[in-house]
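Down below is the structure, laid out as structure tokens.
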Amino acid sequence: MYRVAYFKAPAWMPALFLSGVISLQGCSLLPKKDASDDESGARPVAGDARGDGGATRQGDAFTLQVRGPDDLRDYLALHLEIQRYRQIPDLGASELSRLMVAAEANARELLGTLGYFTPTLTLELRETPGNTRAPREVVITVEPGVQTRVAAFQVDFGGAISNERPDDPVARAQRDAIRSAWGLRTGELFTQQAWDNAKAGGLRNLTAKRYATASITRSQAEIDADRNEARLGVTYDSGPAYRFGPLDVRGARRYSADGARRIARVPTGTDYDQQKLLDAQQRLASSGYYDSVFLTLDTDGTDPESAPVIAQVREAPYQKLVAGVGFTTDSGARLSLDHVHNQMPLLGWRAVSRLVLDRETQSLGTDWNAIPDDRGWRWFGSGLLKREITGSYDVNSGRVRGGRGKTGDHIDRSYFLQYDYATYTGGADAPPSASAISANWGWTGRYFDNAGSPTRGQGLALEVGLGQTLIGERAPFIRTYGRWLGFVPLGEVRGAQESAARSSRLQFRAEAGAFIARDNAQAPATLLFLTGGDTTVRGYSYRQIGTERADGQIVAGRYMSVGSVEWQRPIVWNGKLTDFESAVFVDAGAVADQVSELKTKVGHGTG
């Protein structure tokens, strides 16, 4: 025996009928509360929400089956409110019939969020006395109809950015950018999620620059169900235009607030920019002086022309000792010990000292850095003692460096004096010891779409040094070194049923160096070049591509060139996008004492 209830009604009729049902019959749907409910807490309100009407708990009042297109079937089965009443044990047939009226309106509303405003719904209530799990079955059959598309959209503005200020080219450009980046354009399918995302995206773009307190004052989606069209309109109130004011550091105890101001480099007096605020926050967080940092623009009753920036900080201790272990294919197992002193006696600089032990290298070094001045320049100094395998020999070396440097958002600059010495060990035929002093200049530019995981863009680092050797016949020299890294996107990779995607890409890498001096100049090995290993030319041992002497021994050379191209692609496994990537690469490198003697060695592979 079964009972069939067929509903096909305009969208407003179920809503009107539903309000009457809820007001007159809602109380009869709830079971009486007993003591066991008080002791055990709330009763589950949802059973199995599978669209195929799968397994149910013993004693359910009914089962639910949704028929229709797969995506809509699963969506309705998961979100229909009638699911909440499956666990009510004394739910009668008449009460369930009234719930089905509400379910029709609920289903129509849910379909509307997906852009289906003229669906045909059939609801059936079937008696299933032979089913020990539930005495009744509710069947909802869905014919969604045509999905609504956007016929037109309009984005308006109020506040300081409004069209009433045509003399402000910056405001006009920002308005145009928000309209051009609107996320739900004419001809696209309308869904509630896409509509919400489009509005939120416009608001994010507005609050990202100048207008920190912008809001949505009006949003309207007019649906023409007969023509399956949606006309969208939204109005943003920008509020006042804000400018950065002074930095207010809260939580500073050990380290000076003025030092935090110079590290953060908030561009006081310029237009508010959310990215610049995040960059300032990152500079403070990465300085080592603070364990946590959070920057906000104070818009509560402040002057928009000079809104304070509040920095809430939790300071790091003066000193810290960190031990670490690791492994690399180039150097094997590694042990490291780091000591940090955030306020050195007398100087007040920050010192980071590090001991590293692995198969190829044993080193002890220290780096000292002062707090930047108001222009962002800082003094620095460093020292390094190292023993490492260099070609066919072990080399004991030392380096002392001191100078000035500046770190920017995209460009780093430095100039410094440097002293190097190096001694070869491992045989009577080893190259002689050497030392040198030099004046150096360094420049690094980073132009990537994402600093952490770039998929497009490029970076370039250059070093130029002028110096003189100090052992043997003193000879002047010029040392140059450059590195370049570039990414070219090739398209997005996504899983079988996923909206998230990552880009596959080509990575290009180039490296070159030259030490130009007289042939008899004795140069420290630390100023010469070697290559090979997993970060340079794969397929060759670590730092084993160099100048080959007549006796077959490998030593560092005066000229080096390295090039690489690599195809990187995210891995999809079982239809799902994973965090792993595959790579196919070709590397090439050469080192020699004369440019004419450079002989390229090639490595290729996949991983």
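Number of residues in segment 361-413 that are outside any strand (DSSP E or B) and more than 34 Å from the chain's Cα centre (by Cα) equals 2. Beta carbons closer than 6 Å, at least 6 apart along the sequence or on distinct chains, pair a first residue in segment 458-469 that is under 10 Å from Thr480 (Cβ atoms) with a second that is part of a strand (DSSP E or B) and polar (S, T, N, Q) for Val464/Thr480; Gly465/Ser438; Gly465/Asn440. Selection of first residues in segment 76-88 that are farther than 10 Å from Ala61 by Cβ and surrounded by 20 or more Cβ atoms within 10 Å (Cβ to Cβ) and of second residues that are of a type in the set (Val, Ile, Thr) and at pLDDT 90 or above, restricted to Cβ pairs under 8 Å at least 6 apart or on distinct chains, gives the following pairs, ordered by first then second residue: Leu76/Val66; Leu76/Ile140; Leu76/Val142; Ala77/Val66; Leu80/Val66; Leu80/Ile140. Applying the criterion of at least 2 residues that are surrounded by fewer than 16 Cβ atoms within 10 Å (Cβ to Cβ) and in contact (Cβ under 8 Å) with a residue 40 or more places away in the chain to the strands (runs of 3 or more DSSP E) found wholly in segment 261-351 leaves 307-315. Can Arg43 be described as at pLDDT 85 or above, farther than 23 Å from Pro144 by Cβ and within 49 Å of the chain's Cα centre (by Cα)? Here the answer is no, as Arg43 does not meet what is asked. Taken over segment 289-345, the residue count meeting the criterion of being farther than 21 Å from Val356 by Cβ and of a type in the set (Gly, Ala, Ser) is 6.
I need a count of the residues in segment 135-150 that are out of contact with any Pro (no Cβ under 8 Å at 6 or more places or on another chain), buried (at least 17 other Cβ atoms within 10 Å of the Cβ) and of a type in the set (A, V, I, L, M, F, W, C). Break it down stepwise before answering.
Taking segment 135-150 and keeping what is out of contact with any Pro (no Cβ under 8 Å at 6 or more places or on another chain), we get 136-141, 146-150.
Restricting the remaining residues to those that are buried (at least 17 other Cβ atoms within 10 Å of the Cβ) gives 136-140, 148, 150.
Keeping just the survivors that are of a type in the set (A, V, I, L, M, F, W, C) gives 138-140, 150.
The total comes to 4.
Check Tyr542, Tyr559 and return the single one that is at pLDDT below 90, of a type in the set (Phe, Trp, Tyr) and buried (at least 18 other Cβ atoms within 10 Å of the Cβ). Give the steps one after another, and end with the answer.
On the way: Tyr559 fails: at pLDDT below 90.
The unique qualifying residue is Tyr542.
Scanning segment 562-578 for residues that are under 23 Å from Gly539 (Cα atoms) and of a type in the set (Val, Ile, Thr) yields Val562, Val565. When Gly491 is tested against (1) surrounded by fewer than 17 Cβ atoms within 10 Å (Cβ to Cβ); (2) at pLDDT 95 or above, exactly one condition is not met: (2). Test Asp258 against the stated conditions and say whether it is free of Cβ contacts under 8 Å to residues at least 12 places away in the same chain and either under 23 Å from Val352 (Cα atoms) or part of a loop (DSSP other than H, G, I, E, B) (or both). It is true that Asp258 is free of Cβ contacts under 8 Å to residues at least 12 places away in the same chain and either under 23 Å from Val352 (Cα atoms) or part of a loop (DSSP other than H, G, I, E, B) (or both). Would you be able to say whether some residue in segment 421-428 is among the β-branched types (Val, Ile, Thr) and closer than 20 Å to Leu527 by Cβ? Among the residues of segment 421-428, at least one is among the β-branched types (Val, Ile, Thr) and closer than 20 Å to Leu527 by Cβ, which makes the answer yes. Residue pairs whose Cβ atoms lie under 9 Å apart, separated by 6 or more positions or on different chains, with the first residue in segment 168-184 and assigned to a helix (DSSP H, G or I) and the second of a type in the set (Lys, Arg), are Val170/Lys209; Val170/Arg210; Ala171/Arg165; Ala171/Arg210; Arg172/Arg165; Gln174/Lys209; Gln174/Arg210.
Going by the structure shown, is Ala434 without any contact (Cβ under 8 Å) to a residue 12 or more places away in the chain and assigned by TED's automatic domain parsing to the domain that holds Thr531?
On the way: without any contact (Cβ under 8 Å) to a residue 12 or more places away in the chain: no; assigned by TED's automatic domain parsing to the domain that holds Thr531: yes.
Considered against the rule, which asks whether it is without any contact (Cβ under 8 Å) to a residue 12 or more places away in the chain and assigned by TED's automatic domain parsing to the domain that holds Thr531, Ala434 comes out as no.
The values are calculated or read from the model by the stated rules, or taken from the named source; none is laboratory data. Please read these numbers as outputs of a predicted model, since none were measured by experiment. Note that each Cβ is placed from the backbone with ideal geometry, even for glycine, and that neighbours are counted across all protein chains shown.
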